[in-house]
Amino acid sequence: QTITVDNWYGHGPTQVEITSNTAVWYHSGMPAVPIRWVLIRDPNQKFETRALLCTDQSADPLEILTWFVRRWQVEVTFQEVRAHLGVETQRQWSDKAIARTTPILLGLFSWVTLLAHLSRSRGRLPVRHAAWYAKTIPTFSDAIALVRRCIWEHWGFCMSKFAPDI
């Protein structure tokens with residue numbers, strides 16, 4: 001059947017074709033597990049056909065597809081936290097120190113994101129461009145640059161009040 005997914009990876013409403021049924025997942029030495037499979041196909045052939053598997057037999061195929069699309073936001077969040085804030089690169093030796101640091105870094109990510117959202121709503125979040133990459137919306141890199149700039153200006157580290165780059 002053809003269905004419309006509300007937000008397909010940020011591209012807005014997208015029509016896909018799906019079919020679904022149940023099967024049994026068996027692994028030698030383990031009990032058989034009933035699964036619901038959902039096969040997704042793009043009629044425009046912009047992405048490859050995919051099969052999703054779910055152990056929740058009561059889940060609707062559209063619900064399984066929605067869960068699959070939502071996971072992208074979580075993956076991007078962890079990628080950004082790893083790249084810009086150093087999660088998983090901490091140099092502590094004790095498990096307790098690591099257990100304390102990771103939530104603080106995730107909290108910092110949330111704080112920077114909220115501050116950037118507030119600044120963008122006021123029209124004060126510049127989107128940095130490169131010669132090889134034109135962006136239409138700000139990224140976390142832009143957000144953290146804004147926070148750094150605000151901190152530097154607040155503490156008087158500004159070298160020139162007239163130059164846009166500090």
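The values are calculated or read from the model by the stated rules, or taken from the named source; none is laboratory data. Keep in mind the model is a prediction, meaning the values are calculated, not measured. Counting neighbours? That spans all protein chains shown, and the Cβs are built from the backbone with ideal geometry, glycine included. Only protein heavy atoms, including side chains, enter the accessible area calculation; ligands, DNA and RNA are left aside. Shrake-Rupley method; radii C 1.70, N 1.55, O 1.52, S 1.80 Å.
Things to note:
- Kyte-Doolittle at least -0.5, axis length at least 30 Å by Cα - qualifying DSSP helices, the chain: 61-85, 95-121
- In the chain, the portion of solvent-accessible area held by carbon and sulfur atoms comes to 58 percent [1.4 Å probe, whole percent, DNA, RNA and ligands not counted].
- Accessible area per residue in Å² at 1.4 Å probe, computed on segment 9-161: 75 Å²
- Relative contact order of the chain, taken over Cα pairs closer than 8 Å and 6 or more residues apart, is 11 percent.
- The chain, helix-only ellipticity at 222 nm - DSSP H runs n ≥ 4, -39,500 (n - 2.57), divided by all residues, nearest 500: -14000 deg cm²/dmol
- For the pair segment 1-67 / segment 111-143, the C-alpha centres are spaced 34 Å from each other.
- Selected from Gly123, Thr66, Val33, residue furthest toward positive end of dipole (segment 9-166; charges at beta carbon): Gly123
- What the Cβ-Cβ distance of Leu106 and Ala32 gives, at R0 = 45 Å and to the nearest 0.05, is a FRET efficiency of 0.75.
- The distance between label points at Trp152 and Gln15 comes to 5.0 nm (points 7 Å beyond Cα on the Cα→Cβ vector).
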